[in-house]
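The values are calculated or read from the model by the stated rules, or taken from the named source; none is laboratory data. Model, not experiment: these values are computed from the prediction. Positions of Cβ are backbone-derived with ideal geometry, glycine not excepted, and every protein chain shown enters the neighbour counts.
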């Protein structure tokens with residue numbers, strides 16, 4: 001596995017941009033955490049990564065929140081965007097660009113994109129009346145809301161009757177082209193069931209033209225040629241993926257950043273907005289004559305009990321509160337280890353604490369701590385030279401190298417929770433190796449000093465490799481592991497060959513990376 005093969009290969013990854021209406025909760029933060037793990041992995045593999053995220057700051061919801069608070073929409077958006085930005089920083093999100101839809105460059109580009117669509121004859125004006133959802137900023141047909149009893153079929157919010165003049169994008173003209181593209185691109189939408197969901201639920205039943213302006217809302221990007229209208233969320237927010245790279249259709253030539261990184265290699269979004277990205281966004285790119293993204297990953301939902309975590313329902317857990325109590329890496333680890341690739345998962349504090357104690361304390365922290373303590377005790381902290389091998393060592397090595405290869409394959413498929421399972425398998429095997437070799441017994445026999453040194457070297461090397469594999473998942477913890485075993489051999493390619501750790505170097509003082517929590521006591525405090 002040679003990361004140099006990927007040198008100069010670009011990888012552009014983007015999350016859905018967060019809506020600046022309320023403080024983000026743990027479910028909202030899956031997008032940036034998941035994308036960050038992929039971005040860090042790709043950088044580790046030698047890719048030239050551009051990672052974009054940001055905030056969607058226009059629309060009726062923000063206008064109403066600002067009015068209630070007695071501030072301007074921009075002041076309200078600034079406050080919430082500040083919260084989102086700070087949370088992302090606390091979660092160690094390694095973005096290259098944090099775009100806001102209120103950025104001047106974005107606003108100017110969106111105006112030009114809308115005008116281009118209009119000048120091409122792909123936008124027309126008409127009146128629309130029907131059920132409307134403010135949080136989703138969507139009109140729905142009577143058929144769509146028939147079964148939901150007047151509530152939004154997407155978010156469950158009470159619908160309002162609305163009537164207004166609006167511009168529409170001729171989405172229906174892409175019916176056949178979109179069906180054909182979906183059928184011919186089996187890996188375009190991830191997981192695989194997303195393609196069938198989009199075809200069966202939205203595309204095959206016939207595409208409707210898309211409302212792309214509002215005349216009853218003032219807080220948004222104004223239409224250049226018709227100032228009574230503001231550009232609707234779909235063109236405004238979705239365009240961020242190209243405006244973040246400096247795209248503007250009025251430019252004679254696009255900037256170097258856009259030419260280098262477009263198209264997007266991976267969109268990381270929630271499954272509930274797959275329709276907007278796999279249908280609306282694709283049609284917009286065709287309208288602009290731009291290359292389509294290579295893949296769109298619609299991750300599952302984080303549930304609270306049996307319900308989707310929702311700010312409007314109040315059943316939310318906030319990342320900032322979890323970080324205050326348990327630390328950044330434990331929150332990242334829980335989200336990434338617990339979330340399956342293709343089905344929803346449920347958050348409970350009890351499950352979080354079980355994961356924390358079982359995986360991070362018992363399996364990882366104890367292994368590192370015990371090994372470093374034994375190295376200090378039996379070899380004065382100096383990493384021994386391995387030269388007395390037995391068959392059991394080969395079994396450990398084989399497990400480490402095999403699981404490392406399986407981890408790499410899973411990470412390349414974005415199956416992060418399964419990849420973490422491979423790291424745990426290495427840690428489990430190393431812990432079992434301690435029980436099998438009994439270093440404390442070997443230490444009592446001076447004639448077995450070489451054997452003891454080999455055992456401890458193998459453990460330290462297993463820890464080093466685990467630290468490399470953990471670095472996209474828990475970057476702070478990975479750095480602590482490397483510091484304790486005092487190694488600078490942290491390149492990804494060195495994880496595929498057992499024996500990269502340098503002997504003769506002194507480890508640093510053993511310190512517990514994670515401390516065990518009393519589950520009953522902590523649960524009582526949380527409640």
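Considering each of 411, 374 in turn, give the residue that is farther than 30 Å from residue 335 by Cβ, buried (at least 18 other Cβ atoms within 10 Å of the Cβ), at pLDDT 95 or above and in contact with a helix residue (DSSP H, G or I) (Cβ under 8 Å, 6 or more places away or on another chain).
After applying the criteria, what remains is 374.
Residues in the stretch 236-257 that are out of contact with any helix residue (DSSP H, G or I) (no Cβ under 6 Å at 6 or more places or on another chain) and farther than 24 Å from residue 41 by Cβ: how many?
Count: 8.
Identify, from the list 402, 375, the residue that is part of a helix (DSSP H, G or I) and in contact with a strand residue (DSSP E or B) (Cβ under 9 Å, 6 or more places away or on another chain).
375
From the list 479, 430, 483, 495, exactly one residue is closer than 28 Å to residue 410 by Cα, in contact with a helix residue (DSSP H, G or I) (Cβ under 9 Å, 6 or more places away or on another chain), part of a helix (DSSP H, G or I) and free of Cβ contacts under 8 Å to residues at least 40 places away in the same chain. Which is it?
Residue meeting the stated conditions: 479.
Given 322, 411, which one is touching a residue at least 12 places away in the same chain (Cβ under 8 Å), out of contact with any strand residue (DSSP E or B) (no Cβ under 6 Å at 6 or more places or on another chain) and closer than 29 Å to residue 494 by Cβ?
That would be 411, the only listed residue that is touching a residue at least 12 places away in the same chain (Cβ under 8 Å), out of contact with any strand residue (DSSP E or B) (no Cβ under 6 Å at 6 or more places or on another chain) and closer than 29 Å to residue 494 by Cβ.
If you go through the stretch 350-358 one residue at a time, do you hit one that is over 21 Å from the mean Cα position of the chain (by Cα), surrounded by 18 or more Cβ atoms within 10 Å (Cβ to Cβ) and under 27 Å from residue 31 (Cα atoms)?
Yes, the stretch 350-358 contains at least one residue that is over 21 Å from the mean Cα position of the chain (by Cα), surrounded by 18 or more Cβ atoms within 10 Å (Cβ to Cβ) and under 27 Å from residue 31 (Cα atoms).
Would you tally the residues in the stretch 104-139 being within 30 Å of the chain's Cα centre (by Cα), surrounded by fewer than 17 Cβ atoms within 10 Å (Cβ to Cβ) and outside any helix (DSSP H, G or I)?
Summing the residues that are within 30 Å of the chain's Cα centre (by Cα), surrounded by fewer than 17 Cβ atoms within 10 Å (Cβ to Cβ) and outside any helix (DSSP H, G or I) in the stretch 104-139 gives 0.
Please go through the stretch 45-60 and pick out each residue that is part of a loop (DSSP other than H, G, I, E, B) and either out of contact with any strand residue (DSSP E or B) (no Cβ under 8 Å at 6 or more places or on another chain) or under 16 Å from residue 235 (Cβ atoms) (or both). Step through it out loud before you land on a result.
Of the residues in the stretch 45-60, the ones part of a loop (DSSP other than H, G, I, E, B) are 45-47, 57-59.
Of everything in the stretch 45-60, those that are part of a loop (DSSP other than H, G, I, E, B) and either out of contact with any strand residue (DSSP E or B) (no Cβ under 8 Å at 6 or more places or on another chain) or under 16 Å from residue 235 (Cβ atoms) (or both) turn out to be 45, 46, 57, 58, 59.
Out of the strands (runs of 3 or more DSSP E) lying entirely within the stretch 220-276, which hold 2 or more residues that are under 26 Å from the mean Cα position of the chain (by Cα) and at pLDDT 95 or above? So that I can check it myself, show each step before the final result.
Numbers: elements: 221-223, 226-231, 266-270.
By residue number, 266-270.
Restricting attention to the stretch 127-138, which residues are touching a helix residue (DSSP H, G or I) at 6+ places or on another chain (Cβ under 8 Å) and free of Cβ contacts under 8 Å to residues at least 40 places away in the same chain?
Result: 130, 131.
Could you check the stretch 139-158 and list, in sequence order, the residues that are closer than 13 Å to residue 211 by Cα and in contact (Cβ under 8 Å) with a residue 40 or more places away in the chain?
Result: 139, 141.
For the stretch 159-190, how many residues meet the condition of being loosely packed, with under 15 Cβ neighbours inside 10 Å and part of a strand (DSSP E or B)?
3
One line per residue, one yes/no per condition, for (1) more than 30 Å from residue 470 (Cα to Cα); (2) without any contact (Cβ under 8 Å) to a residue 24 or more places away in the chain; (3) in contact with a strand residue (DSSP E or B) (Cβ under 7 Å, 6 or more places away or on another chain):
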site: 235; (1), (2), (3): yes, no, no
site: 242; (1), (2), (3): yes, no, no
site: 272; (1), (2), (3): no, no, no
site: 282; (1), (2), (3): yes, no, no
site: 290; (1), (2), (3): yes, no, no
site: 304; (1), (2), (3): no, no, yes
site: 307; (1), (2), (3): yes, yes, no
site: 329; (1), (2), (3): no, no, no
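Please verify whether the stretch 194-209 includes one or more residues that are buried (at least 17 other Cβ atoms within 10 Å of the Cβ), part of a strand (DSSP E or B), in contact (Cβ under 8 Å) with a residue 40 or more places away in the chain and in contact with a strand residue (DSSP E or B) (Cβ under 8 Å, 6 or more places away or on another chain).
No, the conditions are met nowhere in the stretch 194-209.
Restricting to the stretch 211-225, name every residue that is touching a helix residue (DSSP H, G or I) at 6+ places or on another chain (Cβ under 9 Å) and either over 30 Å from residue 13 (Cβ atoms) or surrounded by 23 or more Cβ atoms within 10 Å (Cβ to Cβ) (or both).
212, 213, 214, 216, 217, 218, 220, 221, 222, 223, 224, 225
Residues in the stretch 503-517: is at least one surrounded by 16 or more Cβ atoms within 10 Å (Cβ to Cβ) and assigned to a helix (DSSP H, G or I)?
no
Looking at residue 355 and the list (1) out of contact with any strand residue (DSSP E or B) (no Cβ under 8 Å at 6 or more places or on another chain); (2) part of a helix (DSSP H, G or I); (3) within 22 Å of residue 412 (Cα to Cα), which single condition is not satisfied?
Only one criterion in (1) out of contact with any strand residue (DSSP E or B) (no Cβ under 8 Å at 6 or more places or on another chain); (2) part of a helix (DSSP H, G or I); (3) within 22 Å of residue 412 (Cα to Cα) is unmet by residue 355, namely (3).
When both residues are 6+ apart or on different chains and their Cβ atoms are under 8 Å apart, which pairs have a first residue that lies in the stretch 31-51 and is at positive phi and at pLDDT 95 or above, and a second that is buried (at least 22 other Cβ atoms within 10 Å of the Cβ) and assigned to a helix (DSSP H, G or I)?
none
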